[in-house]
Amino acid sequence: MYFSIKEIKLSLIYNLGIYLAHFGLKCVALFNKKIKEGVNGRSETFNILKININKDDKTLWFHCASLGEYEQGLPVFQALRKHYKTHKIVLSFFSPSGYQIRKNSPIADIVVYLPLDTKKNAKTFLNIVNPELTIFVKYDIWPNFLKELKRKQLRTILISATFRKNQSFFKFYGKILRDALFTFDHIFTQNEASKTLLQSINYNTVTVSGDTRFDRVYSQLNQDNRLDFIETFKANNLCIVAGSTWPPDENLFINYINNKAAKNIKFIIAPHNINKAQIKSLKEKLNTKTILFSEKKKGDLSKAQVFIIDTIGLLSKTYNFADIAYVGGAMGNTGLHNTLEPAVFSIPIIIGNNHSKFPEAKSMIDINGMFSISNQKEFNSILNELIENEDKRINSGKKNLDYIKKNKGAVIQILDYLRI
């Protein structure tokens, strides 16, 4: 009886927390544009679903926290789109950054914000959508939605999951989230350690399939990656692409370009935050001819040394033009961005030193395809070495591509389970 009362209390605390979060988000939305987009978007979800889904429609539901999880799940989503041609596919996001960028995704018929995880919202959402299959990607675990899926006996899987021992699922206070895991019919993990952690709580319907991102980035090689304006900018020069950068990353480049860079080396910088003031500040700090993507028609790209991509959606193709890549996020605490995107183009990669939560980074560092730096001196040293030593540059890049090839195949395992 003690445990049942304790569980009730934990459930009450969780659900009260969701309502408090709802109130808090509405308050913050008054001052934060991004939060406001999410609050307003969530208020429209049920209307959008009711307008676009009829009672007799067959549906699938894909849920992603944000853009990164969408890209991770995309190869699976694409395969299911081809197989379930007559089904309506609902794609939901929690984050405005994911929704705004992929609200017109061709793999979905309907794209919405996921309502907050209240029991009422879960019942309303699933009574409308009633999905034949639901796929959650990586870690966005919402107990009330998942419990309602289980109650309605709707098939649900989690793909590309990773777990760590310090997460709430494996703590004494994490029973609500732990129970939510047991609502999944199957969980596909990225690694053996995650499977072992699940088995430690007696969840056994689990398969180590690997990370679907490997399949996603490898498919990039089969796409048209040409960008005429970057071809004009690069010409026959060696080109360094810095992707998803934050100010601590950009400071490294500002210092290097202003004080060390040879004039025949080209630099492309694609900041993660394309705030106009931040872009303006970055450009003004560079003491060389610099052109923004938004201003490319006004200047001669071939004569610029730095090209700043102040828009979204071009980075994966831009890496195709790199001889050396730098991936941002690990010089500060924002989190390392996607290093697999440049790796597939067979180029060496430089990152900051805060990468402990990114196993793919450790793997590529171990094979000498990626290089971690912690300060300006180390950055200058490895960048100069890669510029000057063509053999090292080529061999390091090849090791990264080989790593991608070795680890792809997760999608096949997931589709095999789904019998597609």
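When Thr288 is tested against (1) out of contact with any Gly (no Cβ under 9 Å at 6 or more places or on another chain); (2) open to solvent by 40 Å² or more (accessible area, probe 1.4 Å); (3) part of a loop (DSSP other than H, G, I, E, B); (4) polar (S, T, N, Q), only condition (2) is not met. Among the candidates Gly243, Gly313, the residue that is small (Gly, Ala, Ser), under 25 Å from Asn222 (Cα atoms), surrounded by fewer than 19 Cβ atoms within 10 Å (Cβ to Cβ) and in contact (Cβ under 8 Å) with a residue 24 or more places away in the chain is uniquely Gly313. Residue count for the range 96-110 under the criterion of being open to solvent by 20 Å² or more (accessible area, probe 1.4 Å) and not aromatic (Phe, Trp, Tyr): the result is 8.
Kindly check whether there is at least one residue in the range 218-227 that is buried (at least 18 other Cβ atoms within 10 Å of the Cβ), within 30 Å of Ile412 (Cα to Cα), under 20 Å from the mean Cα position of the chain (by Cα) and not small (Gly, Ala, Ser). Yes, there is a match, as at least one residue in the range 218-227 is buried (at least 18 other Cβ atoms within 10 Å of the Cβ), within 30 Å of Ile412 (Cα to Cα), under 20 Å from the mean Cα position of the chain (by Cα) and not small (Gly, Ala, Ser). When the range 93-126 is filtered for residues that are small (Gly, Ala, Ser) and without any contact (Cβ under 8 Å) to a residue 40 or more places away in the chain, the ones remaining, listed by number, are Gly98, Ser105, Ala122. Candidates are the residues of the range 181-207 that are within 20 Å of the chain's Cα centre (by Cα) and closer than 27 Å to Arg151 by Cα; the one that is surrounded by the fewest Cβ atoms within 10 Å (Cβ to Cβ) is Ser194. Scanning the range 290-307 for residues that are closer than 19 Å to Lys260 by Cβ and touching a helix residue (DSSP H, G or I) at 6+ places or on another chain (Cβ under 6 Å) gives Thr290, Phe307.
Against the condition touching a residue at least 12 places away in the same chain (Cβ under 8 Å), closer than 18 Å to Leu383 by Cα and open to solvent by less than 10 Å² (accessible area, probe 1.4 Å), how does Phe321 come out, does it pass? Answer is no for this residue.
Can you confirm whether the range 58-75 contains a residue that is of a type outside the set (Lys, Arg) and open to solvent by 70 Å² or more (accessible area, probe 1.4 Å)?
There is no residue in the range 58-75 that is of a type outside the set (Lys, Arg) and open to solvent by 70 Å² or more (accessible area, probe 1.4 Å).
Looking at the range 134-235, the strands (runs of 3 or more DSSP E) lying wholly inside it that each contain 2 or more residues that are among the aliphatic types (A, V, I, L, M) and free of Cβ contacts under 8 Å to residues at least 60 places away in the same chain sit at 155-161, 206-208.
Within the range 153-180, take every residue that is of a type in the set (Ser, Thr, Tyr) and under 23 Å from the mean Cα position of the chain (by Cα) and give me the one that is surrounded by the fewest Cβ atoms within 10 Å (Cβ to Cβ).
Ser168
Please work out if Ile420 is more than 23 Å from Ala330 (Cβ to Cβ), in a loop (DSSP other than H, G, I, E, B) and not acidic (Asp, Glu). So Ile420 passes the test.
What are the residues in the range 39-53 that are assigned to a helix (DSSP H, G or I) and either touching a helix residue (DSSP H, G or I) at 6+ places or on another chain (Cβ under 8 Å) or not hydrophobic (A, V, I, L, M, F, W, C) (or both), if any?
Correct list: Val39, Asn40, Gly41, Arg42, Ser43, Glu44, Thr45, Phe46, Asn47, Leu49, Lys50, Asn52.
Evaluate the range 286-293: report whether one residue or more is in contact with a Pro (Cβ under 6 Å, 6 or more places away or on another chain) and of a type outside the set (Phe, Trp, Tyr). No, the range 286-293 contains no residue that is in contact with a Pro (Cβ under 6 Å, 6 or more places away or on another chain) and of a type outside the set (Phe, Trp, Tyr). Listed by first and then second residue, the pairs linking a residue in the range 360-386 that is in contact (Cβ under 8 Å) with a residue 60 or more places away in the chain to a residue that is outside any helix (DSSP H, G or I) and charged (D, E, K, R), with Cβ atoms under 8 Å apart and 6 or more places separating them unless they lie on different chains, are Glu360/Asp211; Asn380/Lys260; Asn384/Lys260.
Have a look at Pro342, Pro348 and point out the one that is in contact with a Leu (Cβ under 6 Å, 6 or more places away or on another chain) and crowded, with 23+ Cβ neighbours inside 10 Å. Talk me through it step by step, then tell me what you get.
Working: Pro342 fails: in contact with a Leu (Cβ under 6 Å, 6 or more places away or on another chain).
The conditions single out Pro348.
Can you tell me which residues in the range 316-349 are among the small types (Gly, Ala, Ser), in contact with a Ser or Thr (Cβ under 9 Å, 6 or more places away or on another chain) and outside any loop (DSSP other than H, G, I, E, B)? Within the range 316-349, just Ala325 meets the criteria.
Of all the criteria given as (1) of a type outside the set (A, V, I, L, M, F, W, C); (2) under 23 Å from Phe214 (Cβ atoms); (3) without any contact (Cβ under 8 Å) to a residue 40 or more places away in the chain; (4) open to solvent by 50 Å² or more (accessible area, probe 1.4 Å), the one not satisfied by His83 is (3).
The values are calculated or read from the model by the stated rules, or taken from the named source; none is laboratory data. Just so it is clear, the model here is predicted, and its values are computed rather than measured. Backbone-built Cβ (ideal geometry, glycine too); neighbour counts: all protein chains shown. Keep in mind that these areas ignore ligands, DNA and RNA; they rest on the heavy atoms of the full protein, side chains included. Shrake-Rupley method; radii C 1.70, N 1.55, O 1.52, S 1.80 Å.
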